[in-house]
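Asks: Would you mind keeping the following structure in view while I ask a few things?
The values are calculated or read from the model by the stated rules, or taken from the named source; none is laboratory data. Keep in mind it's a predicted model, so treat the numbers as computed, not measured. Here the Cβ is made from the backbone with ideal geometry for all residues, glycine too, and neighbour counts use every protein chain on show. The accessibility values were calculated without ligands, DNA or RNA, using every heavy atom of the protein model including side chains. Shrake-Rupley method; radii C 1.70, N 1.55, O 1.52, S 1.80 Å.
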Amino acid sequence: MSEKSEQQLPPKTCTIEKLVTNKQDVEKVLAGTKSATRRNGRYADIGEVMVLDDKRFIVNQVYQQTLGELTDEMILREGYATVEEYKQSILSFHPGMPWLPEMTVWVHEFHSAAQ
């Protein structure tokens, strides 16, 4: 993982309001079992605040990664026990999407603003 400053990041492709929208994922964030999400575009800037159920979460890292780089340890932050469990969940939300190890995604890591 390389740490980049905001100036080095390309423009956002979506808004932070759409970063975590799936009901199960929102519940995981609120329960403290999800502190990262991967998207095909960049949805947030470092330091930007995401609000879920009136609770604030601050984005502290944004970087790119390939699906092939994922480890079970990384996926714990997504709220899943294994890469395979995460993969099956993602593919269930996106029928027909191929899971390509070389596919690049944007990782958004965040923490509760109460910390």
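Per-residue answers, yes or no, for (1) open to solvent by 80 Å² or more (accessible area, probe 1.4 Å); (2) without any contact (Cβ under 8 Å) to a residue 12 or more places away in the chain:
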residue	(1), (2)
Arg39	no, no
Met50	no, no
Asp54	yes, yes
Phe57	no, no
Leu67	no, no
Asp72	no, yes
Ala114	yes, no
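Asks: State which residue pairs qualify: first residue in contact (Cβ under 8 Å) with a residue 24 or more places away in the chain and inside the stretch 86-101, second residue assigned to a loop (DSSP other than H, G, I, E, B) in any location, beta carbons under 8 Å apart, and separation of 6 or more residues or different chains.
Replies: Final answer for the pair search is Phe93/Asn22.
Asks: Separate question: Name every residue in the stretch 7-20 that is surrounded by 10 or more Cβ atoms within 10 Å (Cβ to Cβ) and part of a loop (DSSP other than H, G, I, E, B), in order of residue number.
Replies: The answer is Leu9, Lys12, Thr13, Cys14, Thr15, Leu19, Val20.
Asks: Any chance you could count how many residues in the stretch 22-37 are modelled with pLDDT of 95 or more, out of contact with any Lys or Arg (no Cβ under 7 Å at 6 or more places or on another chain) and surrounded by 10 or more Cβ atoms within 10 Å (Cβ to Cβ)?
Replies: Summing the residues that are modelled with pLDDT of 95 or more, out of contact with any Lys or Arg (no Cβ under 7 Å at 6 or more places or on another chain) and surrounded by 10 or more Cβ atoms within 10 Å (Cβ to Cβ) in the stretch 22-37 gives 6.
Asks: Run Gly96 past the list (1) modelled with pLDDT under 95; (2) on the phi > 0 side of the Ramachandran plot; (3) among the small types (Gly, Ala, Ser); (4) surrounded by 11 or more Cβ atoms within 10 Å (Cβ to Cβ) and report the number of the one that doesn't hold.
Replies: Result: Gly96 fails condition (4) only.
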